[in-house]
Structures are given as C-alpha cells and as structure tokens.
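Trainee: Right, I'll just put the structure down here and ask away after.
The values are calculated or read from the model by the stated rules, or taken from the named source; none is laboratory data. Please read these numbers as outputs of a predicted model, since none were measured by experiment. Quick reminder, even Gly has a Cβ in these numbers, built from the backbone with ideal geometry, and neighbours come from all protein chains shown. Ligands, DNA and RNA are excluded from the accessible area calculation, which covers all protein heavy atoms including side chains. Shrake-Rupley method; radii C 1.70, N 1.55, O 1.52, S 1.80 Å.
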Amino acid sequence: MKNTYELDIAGLKRELKLFNVNENLKIAAFILFGDVELTVNCAKELLKIAPEYDIMVTAEAKSIPLIHEMARQAGDNAYVVARKGPKVYMEDIIYTHVDSITTENRQVLCIGKKEKDMMCGKRVLIVDDVISTGESLKAIEELVEKAGGNIVGKMAVLAEGDAIERKDIKCLAPLPLFDKNGEIL
C-alpha cells in the first residue's frame, strides 16, 4: 500500500503524505506552511501566468503564505484574506458558507468593509493552494461579487482530481486522487 505521492512542482520535488477522506478515497496533503522554498517558487510561477489584476484575494488559512509571497514578488502592498469568522475589528461584514473536502464541518467565510472597499470596482484575482471540489472557490467568488469586485482570474498551485478539467482555473499542475490502497484513480 502506498502512503506517499511524489510531486514535481515549480522546479522542486516534494513527497506528499496520503490521508483518508473516507474508506475508499485518499488525498495527498499539499501544505505550504513552513516550506519557504516551495512557497517562493510556486508564487513566482503563478505570477508568470496571472492576468492583470488590481488586488488578490484568498481564503484563510493555508493559502496565506502563498498570496503574501505573490504580493511581495509583484510589488503589491495589499491583498485580501476572507476570514473563517468575524473579528471584533471588522465592520459591515458580509458572509458566505463553504463545505470543503478537507474540513469536517461547514465553514463561514467573511470580509468586512475594509476588504469590500479594497475590491469594489477592482480587477480581482482569486488565489488558492489547491482547488478540488471548487466549494471554497465558489464561496470566495460570492464574496467578491457581493463586494462589487470584477473577477479577472482564478488560480491555484494544484488542481485536484477532476478540477484539472476546469477551463476557468489556471494552475501549475494536477494532483491526483487516490484509492484506499494509495493507487492513483
């Protein structure tokens, strides 16, 4: 039984551990947290294929290092993070819900007035680490639309499973799904 998957991405190789989603399905855990070299390289490669934009947005939390590094490399001074819950300093909050394959319970994503103002009337680029079912992406799209932003692109480091077939997403590489034995589906 295979327990890992070797990924070749942005000029680097990484061994990803496989985890059960259910008794018949496993996913490879792609985690940028703590891997500076991988984050820097992926950000560089995504910026090469990014459309022109005014502001980038992502969901809390796994994509924060990626969007931060993309903004740093692009010379941007700001980006938007859709939070998993309201904070006391957020005003005029707008909400949406998301069901993610990697999270057990339904989540809330929200932004406040500051984030709405940053996106209103602007060209918005949605950034994620991995797109799988597209539920997180859909939730961010809803927030951008509620804020009055114009979505000019959606991109991720990896597209998992059938997401690689989507024509509305730019990504660096596919990430397969795995059966209960760790074999690629």
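Trainee: Going by accessible area, probe 1.4 Å, with all protein chains left in place, what is the ranking of Tyr53, Tyr95, largest first?
Mentor: So the residues, ranked largest to smallest area, are Tyr95, Tyr53.
Trainee: Here are some pairs, Lys26/Lys167; Lys17/Lys122; Lys116/Lys180; Lys113/Lys170; Lys13/Lys180; which of them have Cα atoms lying more than 31 Å apart in this structure?
Mentor: In this structure, Lys17/Lys122; Lys116/Lys180 exceed 31 Å between Cα atoms.
Trainee: Then there is this: Roughly how many nanometres apart are two label points built 7 Å out from the Cα toward the Cβ at Thr133 and Leu12?
Mentor: About 2.9 nm, to one decimal.
Trainee: Here is a follow-up. Averaged per residue, what accessible area in Å² does the chain show with a 1.4 Å probe, protein chains only?
Mentor: 52 Å²
Trainee: If you don't mind, there's one more thing I want to ask. Using alpha-carbon pairs under 8 Å, 6+ residues apart, how would you state the relative contact order of the chain in percent?
Mentor: Once normalised by length, the contact order is 23 percent.
Trainee: DSSP loop GluC sites (Glu not before Pro) in the range 1-91 with at most 12 other Cβ atoms within 10 Å of their Cβ, which ones?
Mentor: Glu23, Glu52, Glu91
Trainee: Tally Lys/Arg at +1 and Asp/Glu at -1 over every other residue whose Cβ is under 12 Å from the Cβ of Glu91; what's the total?
Mentor: Within the 12 Å Cβ shell, the charges total +1.
Trainee: Counting only helical runs of four or more DSSP H residues, what would the 222 nm mean residue ellipticity of the chain come to if each run contributes -39,500 (n - 2.57) and the total is spread over all its residues?
Mentor: That calculation yields -7500 deg cm²/dmol at 222 nm.
Trainee: In nm, to one decimal, how far is the Asp117 label point from the Glu37 one, both placed 7 Å along Cα→Cβ?
Mentor: Simple spin-label model gives 4.2 nm for this pair.
Trainee: For the chain, which whole-number percentage of the solvent-accessible area (1.4 Å probe, protein heavy atoms only) is attributable to carbon and sulfur atoms?
Mentor: Here it works out to 48 percent.
Trainee: Oh, and also: Taking 0.36 nm per residue of sequence separation and subtracting the Cα-Cα distance, how much length would be gained by fully extending the chain between Asp179 and Glu45, in nm to one decimal?
Mentor: Once the chain is fully extended between Asp179 and Glu45, it gains 45.3 nm.
Trainee: So how strong a dipole does the chain carry about its Cα centre when Lys and Arg Cβ are +1 and Asp and Glu Cβ are -1, to the nearest 20 debye? Don't skip to the end; give the middle numbers.
Mentor: Working: 25 positive and 30 negative charges, 58 e Å.
Dipole of the chain, to the nearest 20 debye: 280 debye.
Trainee: Over all directions, average the projected area of the Cα convex hull of the range 64-165 and note it in nm².
Mentor: Average of the hull's projected areas for the range 64-165 equals 6.8 nm².
Trainee: What's the center-to-center distance, using Cα atoms, between the range 1-79 and the range 123-185 in Å?
Mentor: 12 Å
Trainee: Regarding the chain, what's the average projected area of the Cα-atom convex hull, expressed in nm²?
Mentor: Approximately 10.3 nm², given one-decimal rounding.
Trainee: In addition: Using DSSP to call loops (not H, G, I, E or B), can you name the GluC sites (Glu not before Pro) in the range 93-185 whose Cβ has at most 11 other Cβ atoms within 10 angstrom?
Mentor: Here the sparse-neighbourhood loop sites are Glu104, Glu183.
Trainee: Run the numbers for Thr4 and Lys167: contour at 0.36 nm per residue of separation, minus the present Cα-Cα distance, in nm.
Mentor: 55.8 nm
Trainee: May I pose another question? With every protein chain in place, what's the accessible area of Asp168 (1.4 Å probe, Å², nearest 10)?
Mentor: Spelled out: Asp168, probe radius 1.4 Å, area about 60 Å².
Trainee: Fully extended, how many nm does the chain gain between Asp76 and Leu25 (0.36 nm per residue separation, minus their Cα-Cα distance)?
Mentor: Length gained between Asp76 and Leu25: 14.4 nm.
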